[in-house]
1. Using a 7 Å offset from the Cα along the Cα-to-Cβ direction at both Glu252 and Lys368, what is the distance between the two label points in nm, to one decimal?
2. Is the shape of the stretch 244-398 rounded, prolate or oblate, going by the alpha carbon gyration tensor and its root eigenvalues a ≥ b ≥ c, with a/c under 1.5 for rounded and a/b larger than b/c for prolate?
3. Grab the beta carbon distance between Lys145 and Asn259, set R0 = 51 Å, and tell me the FRET efficiency rounded to 0.05.
4. When the scattering of the stretch 321-415 is computed by the Debye formula from its Cα atoms alone, each counted once and equally, what is log10 I(q)/I(0) at q = 0.10, 0.17 Å⁻¹?
5. Which whole-number percent gives the relative contact order of the stretch 419-465, counting Cα pairs below 8 Å spaced six or more residues apart?
6. So which of Lys326/Lys465; Lys326/Lys352; Lys356/Lys465 end up more than 20 Å apart, counting from Cα to Cα?
7. Find out how many positive minus negative residues lie around Glu252, taking Lys and Arg as positive, Asp and Glu as negative, among other residues whose Cβ is under 15 Å from that of Glu252.
8. Which far-off residues, 5 or more places away or on another chain, put their amide H under 5 Å from the one on Phe336, with H placed in the peptide plane?
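The values are calculated or read from the model by the stated rules, or taken from the named source; none is laboratory data. Values in this document were obtained by computation on a predicted structure and should not be read as measured data. Don't worry about glycine lacking a Cβ; one is built from the backbone with ideal geometry, like all the others, and counts go over all protein chains shown. Accessible surface is based on the protein model in full, side chains and every heavy atom, while ligands, DNA and RNA are left aside. Shrake-Rupley method; radii C 1.70, N 1.55, O 1.52, S 1.80 Å.
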Amino acid sequence: MKNRTDEYWALIGQLSQPPKRLEGTVDRARNRARRSRFLHRLATPAATLAAVAACFVLMVNAFPTFALACSGIPIIRELTAAAAFSPSLSAAVAHDYVQYIGQSQTVDGVTVNLEYAIVDEAQAVFFYSVDGGRFHTSPDLTDEKGEAIGGYGVSTYHSGQPAEADNLERMTLDFTGGYTLPDRFSMDMYIMPEPEPLPDQMTETREEAPTAAAPGASVGDDNPDLWGDPREDPGVLRFTFDVTLSPDRVSEPTTVNVNRWIELDGQRILVDRLEYFPTRTILYLGEDPENTAWLRTIKFWFEDGDGTRYDDIDGSLSARGEHDSKSYLTYYFQSFYYNEPKGLTLCIDKVKWLEKDRTHVFLDLAAKTCPGLPEGVEVGEVTRTGDFVEVSLFAPLERQSLGQTFEGTYWDPEGGEHSFNRWSGANRFDDNGNEIGYCEEIYLYDYPWDTVELALSYTSLSVYKQPVYVPMTPQS
């Protein structure tokens, strides 16, 4: 494994020495000043230049990002570009809240560069590039004892650019339950090489008929026969990086206690507190155990005392469920760590609920009926090919943002438990190309029965014409 840290410090050493042409500039300027006032005037720019050189050396040694920018290495520009779509990460980069990793490894002609990390107590964001391959599945982490590290979810962001060494992608590890990443650990990344083009594909383009999927299966990654541990897929390459993080560069959050109870649709919800991390803001909610419905989702934004509105512009709004409840009470938003708004107000305009006494429904595949679906949702089409069943649900267009209607588990009439392997959703159009609604599709594999029991994801949605405003200040 090639460690780019040595190259980095060699670069710093080179930049820490002023150019030879500047050596002794200040002394020569002083000697000329003694000769005559005229020569003194000529020496002033030289002395200034020496001072600038000294300042430059100081900046290089004090700020690694400045040294990288001055070195001509394009990777720091790529880091800025990779974080550009996230206000939180952009602010972290601007405030030098970045840890340099600088490791590179090549396996079977595929190169992975693990370049930077932005780490706080809530999550770790890694910036990497792949030359000749693509990210395949979530990484494995082990501590110094070789024991597996758990307690995290993984999400990735791809730039959409070709897989090259200068195009940084990012991977986020989201820790739950108060778990934090150790200072030293190993990360196994799994990469699938890009297929080599066939000789005739390099010289001409051929149009071929699409491959037909067999009943009960579909082409490519959707084939259930291919599912299993993706790390064992043929051709997958493993890249192991030994990472050391500096605990001094992991900031603690700023906490804003609120402790306000509000009522939404007859349910009591506690707005507990905010925590500002360098990578994001976390909103913690609570619930009254006497509530008749679980809080599945809230949609909100923030406004400060000057009327500035903070929306979910970077897709950072997400939620986490609880171990002892079907409610989602922990929400993640863009970071206010470096620019804490004054007079902040939480503004809620949509809430999705799951009634506690209405969690399951029964779908009759033969009759195409399913009593108890959320308002506006109806069974559209049911197509059976052998033991493979495809079910379409139709709904108004505004339901598009609500996500899946059902949870990931379903049951047959004999009590057998199954899991959804595939789900899709898309807008519906009429013959003139006008949007007329939303279509959600579920797929039942190896399912000979005519009825199925499904777990609902939600039962109702409330949209408030007048948002619910909650001051993010302690309740007096």
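1. 6.2
2. Working: a/c = 2.35, a/b = 1.95, b/c = 1.20.
Prolate.
3. Details: r = 41 Å, r/R0 = 0.80.
The pair Lys145/Asn259 has a calculated efficiency of 0.80.
4. Treating every Cα as an identical point scatterer, log10 I(q)/I(0) equals -0.45, -0.98.
5. 30
6. Numbers: Lys326/Lys465 27 Å; Lys326/Lys352 12 Å; Lys356/Lys465 26 Å.
From the list (Lys326/Lys465; Lys326/Lys352; Lys356/Lys465), the Cα-Cα distance tops 20 Å for Lys326/Lys465; Lys356/Lys465.
7. Values: positive: Arg249, Arg273, Arg280; negative: Asp120, Glu121, Asp248, Glu275, Glu340.
Summing Lys/Arg as +1 and Asp/Glu as -1 gives -2.
8. Phe277, Thr281
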